[in-house]
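K.L.:
Please find one structure pasted underneath; my questions will follow.
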Amino acid sequence: MNGNFQFLKKADKNLYDIITDAERLYKDEYFEQCITQTRRFAEQICKNIMEQNNLSVSTFDEMLSVLEDKSQGSIQEKEFIDDLYFLKKSGNKTVHSGKVKHEAMTALECLKRSFEASLSYCVYILGTSNSILKLNYDVELLITDKKSKKSLKEKYIEAKQNQEQNQNQYNSNPIQKKEKSSYRNNFSYPKNNNKNIPLFWKFILFLCSVSGLMIAYICALLLFKKFLS
């Protein structure tokens, strides 16, 4: 199996076997088991460090506390301990969960964290060449067993260019512009046009006019009779 942890095979075969099993579990979609396996991987790294320093510590929590106490405060140490804490927390949450969840993204993040932790372990604990720090976790290699021909930077640039190209195509699409323009033309406020008065309202106005004239005529007759009397 070609995996992301080949550099670890010579440095620590036991750790390599543990994390390789985690990758295999992920490929078979056993995500919960993958997460717990990465927790085991992180705990084994801590045990190795304790043994190398002749420290007798039993629990995972205690080992992490010792690492924090002995830390010199460097960024590398902080990131290393943060990765171990993440793997421990994720593993505990999965183990104690009452329901089975298909946490693919969490499992993938655990594999990536394990990868970063193993790089730090090899370089800063075992003294391996720091050239391996240039390595990046390859998801394509995880899924297909074939190493990606493009670097992470190249993939990012390509994805960004595709996004910009799609946006440009959307902005320049004549069909979309036509539809948008048509929508604007169809959506207009009603205009006040007195020249086009409906026939019904013309009839009402006529009746009102006739009624007014009749009232005026009747009033005139009444005044005339009163004047004669």
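K.L.:
When the accessible area of segment 1-128 is computed with all protein chains present and a 1.4 Å probe, what percentage of it is carbon and sulfur? Before the final figure, lay out the partial values.
P.N.:
On the way: 3230 of 6970 Å².
Exposed carbon and sulfur together represent 46 percent of the surface.
K.L.:
Another one. Would you please name the GluC sites (Glu not before Pro) within segment 1-86 that are DSSP coil residues with at most 12 other C-beta atoms within 10 Å of their C-beta?
P.N.:
When the GluC sites (Glu not before Pro) of segment 1-86 are filtered for loop state and at most 12 Cβ neighbours within 10 Å, Glu29 remain.
K.L.:
Could you sort Phe86, Phe31 by their accessible area in this structure, using a 1.4 Å probe and putting the largest first? Intermediate results must be reported in sequence, preceding the final value.
P.N.:
Working: Phe86 60, Phe31 25 Å².
If we order Phe86, Phe31 from most to least accessible, we get Phe86, Phe31.
K.L.:
Next question. How much area per residue is accessible in segment 6-135 when the probe is 1.4 Å and only protein heavy atoms are counted (Å²)?
P.N.:
On the way: 7330 Å² over 130 residues.
Roughly 56 Å² per residue, with all protein chains present.
K.L.:
Protein chains only, probe 1.4 Å: how do Thr36, Thr144 rank by accessible area, largest first?
P.N.:
From most exposed to least exposed: Thr144, Thr36.
K.L.:
For segment 1-34 and segment 82-97, compute the distance between their C-alpha centroids and round to whole Å.
P.N.:
17 Å
K.L.:
Taking the Cα centre of segment 1-131 as origin, sum charge times position over the Cβ atoms of Lys and Arg (+1) and Asp and Glu (-1), and report the length of that vector in debye to the nearest 20. Could you put the intermediate results ahead of the total?
P.N.:
Values: 17 positive and 20 negative charges, 49 e Å.
The dipole of segment 1-131 has a size of about 240 debye.
K.L.:
Does segment 21-144 come out rounded, prolate or oblate by the C-alpha gyration tensor, with a ≥ b ≥ c the root eigenvalues, rounded set by a/c under 1.5 and, if not, prolate when a/b is larger than b/c and oblate if not? Intermediate results must be reported in sequence, preceding the final value.
P.N.:
Numbers: a/c = 2.22, a/b = 1.31, b/c = 1.69.
Taking the square roots of the gyration eigenvalues as a ≥ b ≥ c, segment 21-144 is oblate.
The values are calculated or read from the model by the stated rules, or taken from the named source; none is laboratory data. These figures come from a predicted structure and were not determined experimentally. Backbone-built Cβ (ideal geometry, glycine too); neighbour counts: all protein chains shown. The area values use the complete protein model at the heavy-atom level, side chains included, leaving out ligands, DNA and RNA. Shrake-Rupley method; radii C 1.70, N 1.55, O 1.52, S 1.80 Å.
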